[in-house]
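J.: Let me begin by handing over the structure; questions about it come next.
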Amino acid sequence: MTTRFSKDFLWGGATAANQLEGAYDRDGKGLSVADAMPGGKQRFDIIGSEEFDWTIDEEHYIYPNHRGIEHYDRFKEDIALFAEMGFKCYRFSIAWTRIFPKGDEQTPNEAGLAFYEELIDTCLQHEIEPVITISHYEMPLHLAKEYGGWKNRQLIDFYERFARTVLERYNQKVKYWMTFNEINSAFHFPALSQGLVKSNGASDYQNIFQAWHNQFVASSKAVKIAHELRSDIQVGCMIIYATTYSIDANPVNQVATLIQNQEFNFFCTDVQVRGEYPAYTARTYKKYGVSVEELEQTEEDIQLLKEYPVDYIGFSYYMSSAVNETDSEVATSAGNLLGGVKNPFLEASEWGWQIDPQGLRIALNELYNRYEKPLFIVENGLGAIDEVENDGSINDDYRIDYLRSHIEAMGEAVEDGVDLLGYTPWGCIDLVSASTGEMSKRYGFIYVDLDDEGHGTLNRSKKKSFDWYKEVIATNGEKL
Ligand code: BG6
């Protein structure tokens, strides 16, 4: 069969340890920043408040990540279901705190390493290629509280030790890696990826840009280690990409769009892919009050970034964003860590994220034309409330429509000439939402019987989209 997608196209699904594993304190695991994030729609307001200092307060809040969907105990059953759908790959992350519970230890926790070994082996038994995110929104809590998060340069060494440990252990079994999930998310909300909240410096862009620099260096170190271990290994960066439109043809809005693209969509990839800070850096620093003199950056850092750029670009795409600089009265829109204004041409999800499949074709072209490196869509999907019918079926046609239109757009981009490695829709099995800690914001092909308060059997069942996606994979994306 000839299809638009390459014969070894990596169809699969994506998850993150802190959002599904549970077992947050078992077998030597330490606490992560994710373990300190309360569940509920107010999650980001609480974490973003002046008072928030990473204290776990079980008297007032619930912490759904602690239990997740108990994937830690049920991963074999879950991976068997992925295999039944025909997954070619599975993107998951390694909980840093299972390997280094506090983050600053010298020796790793063998129980954690053994867990991921078994998970990887289970994937391989099903001929599923593991795709690993080394750090996905779950740095050790100790590093956030005692070291002040990623603005502290010591974190480079801690991360290097962590990355070296997992790369040395699994490199012969795992070819595809990513260093940091959605590294650019820090621009709007640095708590998740940098461990920065207001009480330890999140309001000061000096800290955010310092933290980024430290992460860029750490990422290059991981690339170096990986390449020394295995010549064909592929290490990617990972960003949120939100295709950004000017609301109209007014040049003022066009310029604002250009700037938003530079600051949010491209800054991190410009460094991580091209290996050097982009030309607009000085102006961006100035705008955000970042003093170059006070930034800790060495000659060796700059050399390392140059020598060890990433091999491919992983990105999440859920929605697009629109910019309106000229009308302050205009309605705003919710979004994946960034807002923007309402685009009159688009519908939004129940959580207000604007659905835009054509924006994915644009994203793929913008990224590919800028860098000419392989791309990997490692997250995409629709967070929605699912209803279980009396007969147990879940007819998630809205999800199928969303995914179908995005895969169509992906096919168009491939025809445009984009080199696309694969597609792993987010939350292939229902899991805890990152932005709200809710279970009811579901993305999966597989339903998990668990509600926002933690009630339910945790039984897994197939949604209508399960069989649909199975056929998509079986026909290599031709039957949508
Ligand atoms: C991405 C994150 O931003 O979006 C995931 O990498 C997250 O961790 C996903 O779960 C969907 O966002 P949410 O807030 O709906 O879970």
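Readers should treat all values here as calculations from the given coordinates under stated rules, not as data from a laboratory. Since the model is a prediction, treat every value here as computed from it, not as a measurement. Every residue, glycine among them, receives a Cβ derived from its backbone with ideal geometry; neighbour counts consider all protein chains shown.
J.: Give me Rg/Rg_expected for the chain, where Rg uses Cα atoms only and Rg_expected = 2.2 N^0.38 Å with N residues.
T.: Normalised Rg, Cα atoms only: 0.91.
J.: For segment 115-185, what number results from the quotient of the Cα radius of gyration and 2.2 N^0.38 Å?
T.: The reported ratio for this selection is 1.26.
J.: Give the Kirkwood hydrodynamic radius (Å, one decimal) of segment 340-443, defined as one over the mean of 1/r across all pairs of different Cα atoms.
T.: 15.2
J.: Please compute the modelled spin-label separation between residue 293 and residue 204, points set 7 Å along Cα→Cβ, answer in nm with one decimal.
T.: According to this spin-label approximation, the distance is 1.6 nm.
J.: A 20 angstrom limit on the alpha carbon distance is what I want to check against. Which of 102/173; 29/221; 224/373; 29/88; 145/198; 145/306 exceed it?
T.: As for pairs spanning more than 20 Å Cα to Cα, those are 102/173; 29/221; 29/88; 145/306.
J.: For residue 249 and residue 471, what does the FRET efficiency come to when R0 = 45 Å and r is the distance between their Cβ atoms, rounded to the nearest 0.05?
T.: Calculated transfer efficiency: 0.60.
J.: Oh, and also: Just to be sure I understand the rule: take each whole DSSP H helix in the chain, project its Cα atoms onto its long axis, keep it if the span is 30 Å or more and its mean Kyte-Doolittle hydropathy is at least -1.0. Which ones pass?
T.: 205-229
J.: Where in segment 267-303 is the amide nitrogen less than 14 Å from a point lying 7 Å along the Cα-to-Cβ axis of residue 372?
T.: 274, by backbone N distance to the label point.
J.: Using amide H atoms built 1.01 Å from N in the peptide plane, name the residues 5+ places from residue 63, or on other chains, whose amide H lies under 5 Å from its own.
T.: 39
J.: Then there's this: With a cut-off of at most 12 other beta carbons within 10 Å, and DSSP calling the residue loop, which GluC sites (Glu not before Pro) in segment 377-422 qualify? Please list them.
T.: Answer in residue order: 387, 389.
J.: How high is the FRET efficiency from residue 391 to residue 56, r the C-beta distance, R0 41 Å, rounded to 0.05?
T.: Efficiency, rounded to the nearest 0.05: 0.50.
J.: Still on this model: Would you compute, from DSSP H runs of 4+ residues alone, the mean residue ellipticity of the chain at 222 nm, taking -39500 (n - 2.57) per run and dividing by the full residue count, rounded to the nearest 500?
T.: For the chain, the value works out to -11000 deg cm²/dmol.
J.: Enumerate by residue number the GluC sites (Glu not before Pro) in segment 50-90 meeting two conditions: DSSP loop (anything except H, G, I, E, B), and at most 11 other Cβ atoms within 10 Å of the site's Cβ.
T.: Sites meeting the loop and neighbour criteria: 50, 51, 58, 59.
J.: Enumerate by residue number the GluC sites (Glu not before Pro) in segment 313-363 meeting two conditions: DSSP loop (anything except H, G, I, E, B), and at most 10 other Cβ atoms within 10 Å of the site's Cβ.
T.: 329, 347
J.: Let me ask something additional. Express in nm, to one decimal, how much length is gained between residue 303 and residue 451 on full extension, taking 0.36 nm for each residue of separation and deducting their alpha carbon distance.
T.: Stretched out fully, the residue 303 to residue 451 stretch lengthens by 48.3 nm.
J.: Could you tell me the ratio Rg/Rh of segment 249-312? Both radii from Cα atoms, Rh via Kirkwood.
T.: Computed over Cα atoms, the ratio is 1.05.
J.: With θ set to phi - 60°, apply the Karplus curve 6.51 cos²θ - 1.76 cosθ + 1.60 along segment 277-286 and write out the HN-Hα couplings as whole Hz, x wherever there is a Gly or Pro.
T.: 5, x, 4, 7, 4, 4, 5, 5, 4, 4
J.: Under the Karplus relation 6.51 cos²θ - 1.76 cosθ + 1.60, θ = phi - 60°, what is the ordered set of whole-Hz ³J(HN,Hα) values for segment 429-446, x standing for Gly and Pro?
T.: 10, 3, 8, 6, 5, 6, 7, 10, x, 8, 8, 6, 8, 9, 10, x, 7, 10
J.: Out of residues 5 or more away from residue 312 or on other chains, whose amide H comes under 5 Å of its own, with H placed 1.01 Å from N in the peptide plane?
T.: When sequence neighbours closer than 5 places are left aside, the close amide H contacts are 235, 236, 237.
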